[in-house]
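The values are calculated or read from the model by the stated rules, or taken from the named source; none is laboratory data. This structure is a prediction, so every number in the text was calculated from the model and none was measured. Backbone-built Cβ (ideal geometry, glycine too); neighbour counts: all protein chains shown. For accessibility, only protein heavy atoms count, side chains too; no ligands or nucleic acids. Shrake-Rupley method; radii C 1.70, N 1.55, O 1.52, S 1.80 Å.
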Amino acid sequence: MPSTPLRSYRTVASAARAELEVRRSRFVADVARVGSEDEARAVIETVRAGSRDAGHHCTAFVLGPEGGTRRSNDDGEPSGTAGAPMLDVLTGRGLGDVVAVVSRWFGGTLLGTGGLIRAYGDAVTAALEVAGAVRCEARVVWAVEVDHTDGPRVENALRELSSATVTDTTWTGSGLRLEVAVAPSGVAGLTTLVAELTAGRAEPAEIGQTWVDVPVPTARG
């Protein structure tokens, strides 16, 4: 049987930085949202260029809704003590399209294998807490074309639909064209609303698919 298409995944809400100190060694973690391996490596190079005095710039990134691309690098630390635990934190949280860079300044005291694993993992965890998270949901994109008179009223109504996100608006010679990303459960509601507002003169047309960011509620203690 064919696999069910992925309908959602999580990524970071924003780029963020966090710092911690372990036995006088300084660890600074940067995390950012990226859409490709080139973007991930560009973030890595930017961090590296901004902290060239650091002894190590260890990295990990996960790309794609299903995390199909996963990379990590220890950058001179003992094998498996930096990049791997960083990657474990990203995958353990179910994140995609994210890169993490941890820059380390040695404080003069060896941390040992276990100490390094904990420090690099904890640094990424701290940065992710600052960054927050969003859920990316798969949506179907519909085009709605209405005349000049109906345009503002239809647009306002569509922006109030909880199951829809207006992704583009274009005024043309004949009226307003809207592109609306709709959850599968909201298609019937979209069609009914447009028909009611335009007395049946307009009908949404499916034109593609996209991903839409949806905030992840913050847990309260």
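List of remarks:
- Contour minus Cα-Cα distance for A157 and F106 (0.36 nm per residue): 12.6 nm
- On the basis of the beta-carbon distance and an R0 of 30 Å, A49 and S8 show a calculated FRET efficiency of 0.30.
- Whole-angstrom gap from segment 49-119 to segment 151-171, using each part's C-alpha centre: 42 Å
- With R₀ set to 22 Å, the beta-carbon distance separating T172 from D213 gives a calculated FRET efficiency near 0.20.
- Taken about its Cα centre, the chain carries a charge dipole of roughly 820 debye when the Cβ of each Lys and Arg holds +1 and the Cβ of each Asp and Glu holds -1.
- Remark: segment 25-34, residue by residue, has Karplus-estimated 3J(HN,Hα) of 7, 9, 10, 10, 9, 10, 10, 8, 7, 9 Hz, where x stands for each Gly or Pro and the curve is 6.51 cos²θ - 1.76 cosθ + 1.60 at θ = phi - 60°.
- Expressed as a whole percent, the accessible surface of segment 1-144 that belongs to carbon and sulfur atoms is 49, based on a 1.4 Å probe.
- Sparse-neighbourhood loop sites, chymotrypsin sites (Phe, Trp or Tyr not before Pro) in segment 45-147 - DSSP loop, at most 14 other Cβ within 10 angstrom: F106
- Residues of the chain: accessible area per residue with a 1.4 Å probe, Å²: 52 Å²
- Report summary: the helix-based calculation at 222 nm, which adds -39500 (n - 2.57) for every DSSP H run with n ≥ 4 and divides by the residues of the chain, gives -9000 deg cm²/dmol.
- Matching the structure-derived semi-axes √(5λ) of the Cα gyration tensor in Å against the labelled list (1) 34, 24, 13; (2) 31, 18, 15; (3) 46, 16, 14 gives the label (3).
- Gain in span if fully extended, A195 to L20, counting 0.36 nm per residue against the direct Cα distance: 57.3 nm
- Charge sum, other residues only, whose C-beta stays under 11 Å from V102's C-beta, Lys/Arg counted +1 and Asp/Glu -1: -3
- Taking 0.36 nm per residue of separation and subtracting the current Cα-Cα distance, fully stretching the chain between R93 and R41 would add 16.6 nm.
- Using the Cβ of A40 as centre and a radius below 14 Å, the other residues enclosed give a net charge of -1, where K and R count +1 and D and E count -1.
- For A183, the shell of other residues with beta-carbons less than 11 Å away shows a net charge of +1, using +1 for Lys and Arg and -1 for Asp and Glu.
- Sparsely packed GluC sites (Glu not before Pro) within segment 11-101, loop by DSSP, other Cβ within 10 Å at most 14: E66
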